[in-house]
Amino acid sequence: MNPATAARRTAAHGSVPRPDDHVIVLIGATGDLSRRKLLPGLFHLSAAGLLPGRYRVIGSAPASSALTDEQFREHARRAVAESGITKPTGDAWDTFARALSFGSADPGNAVPLAAAIQRAEKQIGGSPRRLFHLAIPPAAFGPVVAMLGAAGLADGARVIIEKPFGTDLRSARALNQAVHAVFGEPQVFRIDHFLGKESVDNILAFRFANGLFEPIWNREHIRYVQIDVPETLSIEGRAGFYDKTGAYRDMIVTHLFQVLGFLAMEPPTSLDAKHLRDEKAKVFEALKPIHARHVVRGQYEGYRLERGVAPDSQTETMAAVRAEVDNWRWAGVPFFLRSGKRLGASRQVVTLGFHEPPLRMFRAHKEDTLAGRLNEIVIDFADPGSIAAEFLAKEPGPEMSLGAATMAFRYQDSFASANALKGYERLILDAMLGDQALFTRSDGVERLWEISTPLLENPPPVEPYAPGAWGPQPSADRLVAPFRWHLPEAG
Ligand code: BG6
């Protein structure tokens, strides 16, 4: 890692280095992800003064959906207006819009893209860096990487590759081979935008910057961990992708296991990419294989009627998993992971449940039914994020009766949010700086598919659930017994 990057991750406030001059190529520029996240994110970075002094953004798509430069600017303007925090107006927008151009590319013909890159590099002058962002369906990663190699565009470039990286161990290995035939591992940035979320990165600060929490962060004190990411959204017209993917591949094996890596890792020697990813890889090594008996798969009623979904689809729109990290710190502590579409709320929550005291010296209190849930640290990692310790306290009055109490840290109360970056923005910036710490490494990705193999080869049947429920019952609740899901919260 370059020294500027290492310094950035540990530096005091206000010393953020700027990346070198860049040509950023968005492959899949007309797709959903570019529209919702990448174009608005790049504009926000530009308006915040975080992009390099000189940069160009080239949109790319197959010739069949090619745009002119002008059409691409209009496409980007609309995307930013729809989904951006910063609205596309004024000098900030004009500067960004001037940096946009378009070059089509197909596996047999990268000439228009190569020409657009050449033009952009000439306009910038010197030797700008090149960053490709592959915002395309997983099946296209291999052919597009090969195309970049064959067209001579990959030399010295960096590439951001979206998730899911493969669909099983075999395909992930094949994809790693195809990528490594063109790019060396230091050039490869497998993105998982959950790792760019402020509150997920804050898990490292919470654990390793304070003497208060780390001593209790183990099996002696923690009975269970939950990583719960329910969504109220349906598949939002993404049947083509989703029906082939399902909740396990879309969310669990990617985002939720990455969060688990941060929660479960040993203190790394430093925050640089090697040490951080080495520790995460050790956690993945220690994960026990996932079998059908550890998993509940649900499908919301009405899913099969969504446009583009097979009428007999067996794809799960909700998955709940009981995972175990079989090492000295965590042996015997279940990690419950759940995510799905059309569930009861949209939340992103980690819950650590602590052992109760060995003796109950208080009379049965009225919160008794909640008692298990009141011994918890709850990390809400949806932006802007919060951390709460939920515990029992004495209620005022003559009796020794207990009530639910909370100690809470809320990002918005403690820090100005002006500097906050969305996951994608943070990670694109890191990729431009060459910092791989928050990107997944080939060994880690392959290991996660490896432990998933028994499940993928022999999945349990999908069970229906009503939209707005919390997955199929009683299976979803049984999976966590004798504990309870923290969500939905009481009250
Ligand atoms: C994506 C998944 O990676 O993450 C989507 O493909 C999911 O299905 C999304 O909705 C959730 O991300 P966010 O940014 O809303 O936390």
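Points worth noting:
- Additional length obtainable on full extension of the chain from Asn210 to Glu266, 0.36 nm per residue less Cα span: 18.7 nm
- Database remark: amide H of Tyr300 closer than 5 angstrom to the amide H of Thr317, Tyr465 (H placed geometrically; neighbours at sequence offset of 5 or more, or on other chains; Pro and chain starts carry no H).
- Accessible area per residue (1.4 Å probe, heavy atoms of protein chains only) ranks Lys274, Lys288, Lys280, Lys244 as Lys244, Lys274, Lys288, Lys280, with the largest value leading.
- Shape of the stretch 425-465, Cα gyration tensor, a/c cut at 1.5: oblate
- At the residue level, Thr406 shows approximately 90 square angstrom of accessible surface with a 1.4 angstrom probe and all protein chains present.
- Label-point gap, in nm, between Ala81 and Gln473 - each point 7 angstrom along Cα→Cβ: 4.5 nm
- Sites Asp326 and Ala393, calculated FRET efficiency, Cβ-Cβ separation with R0 25 Å, nearest 0.05: 0.10
- Solvent-accessible area per residue, Å², over the stretch 267-391 with all protein chains present [probe radius 1.4 Å]: 45 Å²
- Cα gyration tensor shape for the stretch 370-413, rounded if a/c is under 1.5, else prolate or oblate: oblate
- Highest average first, the peptides 45-52, 420-427 ordered by how many other beta carbon atoms sit within 10 Å of their residues are 420-427, 45-52.
- Computed from the C-beta positions of Ala405 and Ala139, the FRET efficiency with R₀ = 60 Å rounds to 0.70.
- Semi-axes of the equivalent ellipsoid for the chain, Cα gyration tensor, largest first, Å: 40, 26, 22
- Distance from the stretch 321-363 to the stretch 27-82 (C-alpha centre basis), Å: 40 Å
- Label positions at Ala63 and Arg170, each projected 7 Å from the Cα along the C-beta direction, are separated by 3.4 nm.
- A probe of 1.4 angstrom, applied to the heavy atoms of all protein chains, finds Ser346 with accessible area near 70 square angstrom.
- Rg followed by Dmax, in Å, when the stretch 266-330 is reduced to its Cα trace: 18.3, 51
- Once the Cβ-Cβ distance of Ala466 and Glu220 is raised to the sixth power relative to R0 = 41 Å, the FRET efficiency obtained is 0.55.
- Computed over protein heavy atoms with a 1.4 angstrom probe, the accessible surface ordering of Phe391, Phe96, largest first, is Phe391, Phe96.
- For the stretch 174-240, the gyration tensor built on C-alpha atoms gives an oblate shape. Its axis ratio a/c (a ≥ b ≥ c) is at least 1.5, and a/b is not larger than b/c.
- Rounded to whole Hz, the Karplus (6.51, -1.76, 1.60) HN-Hα couplings of the stretch 294-301, x for glycine and proline: 9, 9, 10, 10, x, 9, 6, 5
- Residue-span extension gain [Arg54 to His180] - 0.36 nm each, minus C-alpha spacing: 42.4 nm
- Asp21, Asp326, reordered so the largest accessible area comes first (probe 1.4 Å): Asp326, Asp21
- Accessible surface of the chain, 1.4 Å probe, proportion on carbon and sulfur as whole %: 53 percent
- Local electrostatic count at Pro267 - Lys and Arg +1, Asp and Glu -1, tallied over other residues with Cβ under 13 Å: 0
- Ligands, DNA and RNA are left out, and with a 1.4 angstrom probe the accessible area of the stretch 118-240 is 40 Å² per residue.
- Extension gain for Thr453 to Thr89 (0.36 nm times residue separation, less C-alpha to C-alpha distance): 126.1 nm.
- Peptides 308-317, 475-484, 102-111 ranked from most to least packed by the mean count of surrounding Cβ atoms within 10 Å: 102-111, 308-317, 475-484.
- Report summary: the helix-based calculation at 222 nm, which adds -39500 (n - 2.57) for every DSSP H run with n ≥ 4 and divides by the residues of the chain, gives -9500 deg cm²/dmol.
The values are calculated or read from the model by the stated rules, or taken from the named source; none is laboratory data. On a predicted model such as this, the values are computed, not experimentally measured, just so you know. Quick reminder, even Gly has a Cβ in these numbers, built from the backbone with ideal geometry, and neighbours come from all protein chains shown. For the accessible areas, the whole protein counts, side chains as well, though only heavy atoms, and no ligand, DNA or RNA atoms are used. Shrake-Rupley method; radii C 1.70, N 1.55, O 1.52, S 1.80 Å.
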